[in-house]
Amino acid sequence: MAGAYRPGEGRPDPRHRQGARPGRPHRRQALPDARPAGPRPRPLRRTARRAGVPVVFVDPACTSQQCCECGHIDKKNRASQALFTCRKCGVVAHADRNASHNIAHKGVAVWTAGRESRVPATP
């Protein structure tokens with residue numbers, strides 16, 4: 001019977017596959033890349049350019065601690081990893097959704113500021 005072992009007979013080490021060289025463990029699935037998990041600007045810009053979509057980069061600082069309704073920033077606003085509760089206005093939201101709204105608001109502000117002329121009007 002295949003796969004059955006007699007008492008006293010040692011089971012093979014599951015880390016070694018049958019027929020592998022001795023001392024070499026079975027190759028496991030590929031490990032994830034060691035690259036940092038964050039936005040990759042070059043591919044993002046390239047994809048956006050091909051699609052005709054403008055890209056605006058914003059500073060993500062404090063977006064997870066800032067309320068998207070009233071703008072109040074406090075470390076205690078993050079009740080947990082997934083829950084956001086504003087200490088000022090009482091808004092309760094999913095933390096990632098709140099942060100994404102804040103990043104979107106910052107993006108709109110940067111986009112609008114970039115479109116406004118900084119040159120004084122000539123008389």
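Net charge of the neighbourhood of residue 88, taken over other residues with C-beta under 10 Å away and scored Lys/Arg +1, Asp/Glu -1, is -1. Between residue 44 and residue 92, residue separation times 0.36 nm minus the direct Cα-Cα distance comes to 14.1 nm.
The numbers here are math on the coordinates, done by the rules we state, and not lab data. It should be emphasised that the depicted structure is a prediction, and the values quoted were computed from it without experimental measurement. Heads up, the Cβs are rebuilt from the backbone with ideal geometry, glycines too, and the neighbour counts pull from every protein chain shown.
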